[in-house]
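Encoded as structure tokens, the structure appears first; notes follow it.
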Amino acid sequence: MRGGALRRRCRARANALEIPEPWDFEQFCTCVAGHTGRALQVTPVPAMPEGLCGMYLSTAGTDYVYTTTRTTPFHREHIALHEIGHLLASHKGGVGAVDLAATLLPDLNPALVRAVLGRASYTSEQEREAEYFATLVMERAKPGRTGRLVTAGCPSGRWDRFGLQT
């Protein structure tokens, strides 16, 4: 799929949310919760399954976003927005249930966690979509924003890193 459709989907999702001015991550999370009708809990954790810096889990009443503590606060916020992008797009995939259970929910039976998650892996397009959403929200959250389209800080204005065409 070409990048134009992906960008339109992300812009529509971002436009459906109130992006606080000045930027306030907690207030944005409250807006997301109002949009989904579920509470949103963002939790930094010291350990993640190998190769991950964030993940999410949705239940009927609450969305849980986990970010690594092993990075800067700015990067943790971006990771959380990326996971919120997956959540809002209803992406199926992600981390293995056994890894999640062992890392975040050691007291729960891994079989129960597997039944709740039922996910295997994200596609690269899903990753690009979540990353574009996070970057779009961060760009719109900047002071003095102009409302222009996001170029993700790439000097050429291209999305080569994410495989998107401009």
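The values are calculated or read from the model by the stated rules, or taken from the named source; none is laboratory data. Keep in mind that this is a model prediction, so the values were computed, not measured. Cβ: placed from backbone, ideal geometry, glycine included. Neighbour counts: every protein chain shown.
Across segment 1-55, the qualifying residues are those that are without any contact (Cβ under 8 Å) to a residue 40 or more places away in the chain and in a strand (DSSP E or B), and the one among them that is surrounded by the most Cβ atoms within 10 Å (Cβ to Cβ) is 54. Within segment 57-83, the set of residues being among the basic types (Lys, Arg) and assigned to a helix (DSSP H, G or I) comprises 76 only.
Residues in segment 4-50 that are farther than 22 Å from residue 76 by Cβ and touching a Lys or Arg at 6+ places or on another chain (Cβ under 8 Å): 6 alone. Please determine whether any residue of segment 120-130 is among the small types (Gly, Ala, Ser), at pLDDT below 90 and not in a helix (DSSP H, G or I). Yes. Restricting attention to segment 123-143, the residues being β-branched (Val, Ile, Thr) and surrounded by fewer than 19 Cβ atoms within 10 Å (Cβ to Cβ) number 1.
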